[in-house]
Amino acid sequence: MRVLGVALLSGVVLLGACGGGESQNAATDSAASATPAVTPTPGAAVTMAPITGTIHEVKMTGDANGYRYEPASITAKPGDGIKFIMVSGGPHNVAFDPATLPAGQMAQLWANMGANSADGSSPMLVNANEEFTLSLGNLAPGKYPFHCTPHLAMNMRGELTITP
């Protein structure tokens, strides 16, 4: 009987942890659809856009104070670049969830991440001072949340805001 009670309680906790996401996705979807989309011409190949502006630096750190991007919030313009630098506590990466991106931006963002990236994730940075630079060329204004895949459970998240 005790095992059944523990199993039932575990199931309720699991279901509770999964609940509530649908309304958040609806808010994200409506916010994403309100952002103007830059879409490639149908049939045209999307290629990496060059960095033509400022390169912003973001440090990726894991230590006694937690896992984090420093700064976690970046504001940039189309054409800028973001240089992610592995400092400690790796491996770290930069990953974007397609469901959270402004409408029509996934293909260009993936192309801007380069040939060594896969499905919106940068390569893993393992050693101190390794870098990954992301071009923001040809991306529309909007919010682009990102996270570190190995440290997502430790809340290593950031947000890029591209302004006109």
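The values are calculated or read from the model by the stated rules, or taken from the named source; none is laboratory data. None of these values were measured; they are calculated from a predicted model. What goes into the accessible areas is simple: the full protein's heavy atoms, side chains included, and nothing from ligands, DNA or RNA. Shrake-Rupley method; radii C 1.70, N 1.55, O 1.52, S 1.80 Å.
Report in % the part of the accessible area of the range 78-151 that belongs to carbon and sulfur, leaving out ligands and nucleic acids; probe 1.4 Å. The computed percentage sits at 54. Comparing the range 110-164 with the 2.2 N^0.38 Å rule of thumb, its C-alpha radius of gyration ratio is 1.22 (two decimals).
Both radii are taken from the alpha-carbon atoms of the range 51-96; with Rh as the Kirkwood radius, Rg/Rh is 1.02.
Remark: the range 46-109 carries 44 Å² of accessible area per residue (probe radius 1.4 Å; ligands, DNA and RNA excluded).
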